[in-house]
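Notes follow the structure.
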There are 2 protein chains.
Amino acid sequence: MSPQVKEILEAATDLVGYKTYINLIGHLADGKRVHESDNRVEAERAYQALELAAEGKYVVVVSSGDPGIYAMAAAVFEVLEQYHQPEWQTIDIQVAPGISAMQAAAARIGAPLGHDFCVISLSDILKPWEIIAQRITAAAISDFVIAFYNPVSKERTWQLAAAKKILMEHRKPHTPVVLGRNLGRKGEEVKVITLEELEPALADMRTVIIIGSSHTRQIQQDNHIWVYTSRRYNSEE
Amino acid sequence: MSPQVKEILEAATDLVGYKTYINLIGHLADGKRVHESDNRVEAERAYQALELAAEGKYVVVVSSGDPGIYAMAAAVFEVLEQYHQPEWQTIDIQVAPGISAMQAAAARIGAPLGHDFCVISLSDILKPWEIIAQRITAAAISDFVIAFYNPVSKERTWQLAAAKKILMEHRKPHTPVVLGRNLGRKGEEVKVITLEELEPALADMRTVIIIGSSHTRQIQQDNHIWVYTSRRYNSEE
């Protein structure tokens with residue numbers, strides 16, 4: 001949590017968010033009105049936050065990672081635009097950036113995002129699978145490192161298998177793959193497998209997956225495994 | 001600066017880095033041995049840091065933004081692998097993530113990175129332009145939001161014009177483009193233009209440029225301009 005976010009939380013009167021994330025705040029939530037919600041009701045949550053802010057409350061929409069990357073910031077602006085309420089026009093909105101899951105996973109394992117990369121959500125709830133498949137194909141052909149968010153959920157498991165199938169057509173089977181889970185929280189876990197070992201059972205909704213490019217290397221230092229993406233093309237490889 | 005980075009800087013005995021970044025640390029550098037260097041000597045800097053660490057120093061390689069995204073972390077692992085010094089094997093290496101320039105710019109202007117995006121360096125010092133052009137084309141066709149790092153430098157100006165030419169073939173001329181400079185520092189500047197207005201004179205080495213997708217929208221709230229990327233496809237647009 002950045003010092004900026006801590007200050008914002010201290011000043012807040014109302015917290016809006018998914019309960020799991022609000023619980024992570026700990027004692028900083030003391031004395032605030034807490035408006036918990038379930039996951040997957042982003043638009044309702046954003047609406048509620050804007051209404052409370054228009055009433056004069058200092059509202060924080062709580063997100064994990066970076067609110068600007070697959071999180072609540074876009075949902076707030078979507079709702080702001082959609083309803084266009086006159087009383088929302090003077091709300092002072094601020095987005096406080098954070099460390100996204102891919103960055104936390106990357107830092108734990110080395111520097112796999114050290115060169116050009118793409119970030120793709122595998123959730124086809126809000127966009128058709130054809131668009132996702134086309135993006136994975138384009139990213140794979142162009143040798144981008146790829147970070148997958150929302151790789152699987154209880155109801156959604158075939159998408160990751162389909163993504164792997166596309167990747168296997170363009171990347172070597174031993175390409176390093178990083179799986180990160182619960183980054184920066186209790187139960188944090190980061191492991192390295194190969195592309196051919198990737199399967200839906202290894203991931204859940206909270207896993208971020210980083211697929212190496214042809215320039216992503218796994219190296220050993222003492223008994224530590226590091227994964228990084230070289231910045232150099234035209235090298236001696 | 002995250003609390004983790006502050007703790008690391010407090011514990012350090014030696015700071016290695018580009019002088020502009022070391023100057024940003026301010027009084028936290030007091031009492032440390034400072035090994036300043038010029039920009040563009042990443043490998044030498046990484047080598048020096050590993051040598052000092054092997055001597056038992058607590059060395060911090062200072063980077064701005066996220067060291068894992070176009071910054072020093074990959075350079076350190078490159079050098080670690082290349083020289084493979086026995087005395088480097090037991091160095092305790094740690095990467096501390098941070099807020100990258102694209103995230104700081106995105107947060108200031110709304111949520112342009114709210115959905116699938118690619119990150120591409122326009123510098124052709126370490127990789128051939130053909131690879132860069134191919135990545136821009138793939139990202140443009142697949143409707144990714146695109147963040148450009150190192151868009152221009154004193155010696156390199158045609159690359160951004162060439163990138164724009166490719167983008168204009170696939171994106172509408174009024175696509176929102178965000179230019180961010182000196183994020184989180186004195187002289188911070190974030191502005192929104194359209195793709196057709198983009199030109200090399202508007203950027204320098206410290207500028208990050210975010211090119212919207214077909215789902216990136218510019219909205220007005222009171223007299224404030226926001227840019228965000230909608231998470232929804234199949235919407236009423």
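Every read-out reported here was derived from the displayed coordinates using simple, explicitly stated rules and does not represent laboratory data. Note that the structure is predicted; figures quoted are calculated from it, not measured. Cβ sites come from the backbone with ideal geometry, for glycine too, and all protein chains shown count toward neighbours.
Odds and ends about this structure:
- Those trypsin sites (Lys or Arg not before Pro) in the range B:76-171 that DSSP places in a loop and that have at most 12 other beta carbons within 10 Å: B:Lys154
- Share of alpha-carbon pairs per 10 Å distance bin for the protein assembly as shown, given as whole %: 4, 20, 31, 28, 14, 2, 0
- Amide H contacts for A:Gln221 (H built 1.01 Å from N in the peptide plane; partners 5 or more residues away or on another chain; cut-off under 5 Å): A:Trp226.
- Theoretical gain in end-to-end length, A:Tyr58 to A:Ile141 [0.36 nm per residue, Cα-Cα removed]: 25.2 nm
- Approximate spin-label separation A:Ala161-B:Glu36, in nm, with each point projected 7 Å along Cα-to-Cβ: 5.9
- Of the DSSP H helices in chain A, those with a Cα length along their own long axis of 15 Å or more and a mean Kyte-Doolittle hydropathy reaching -0.5 comprise A:42-54, A:72-83, A:129-141, A:158-170.
- The label-point distance for A:Thr20 and A:Lys172, in a model that sets each label 7 Å from Cα toward Cβ, rounds to 3.6 nm.
- For the pair the range A:191-214 / the range A:137-156, the C-alpha centres are spaced 10 Å from each other.
- Principal axis extents of the C-alpha atoms in chain B (largest first, rounded to whole Å): 61, 42, 34.
- At 7 Å out from Cα toward Cβ: B:Pro86 inter-copy label distances (nm, ascending): 8.0
- Less than 5 angstrom separates the built amide H of B:Ser121 from those of A:Asp116, B:Tyr149, all sequence-distant by 5 or more or on a different chain.
- Helical runs (DSSP H, four residues minimum) scored at -39500 (n - 2.57) apiece and divided by the length of chain B put the mean residue ellipticity at 222 nm at -9500 deg cm²/dmol.
- Cleavage-rule hits (GluC sites (Glu not before Pro)) in the range B:29-95: DSSP loop, at most 13 neighbouring Cβ within 10 angstrom: B:Glu55
- Across chain A, Cα pairs under 8 Å and at least six residues apart give a relative contact order of 16 percent.
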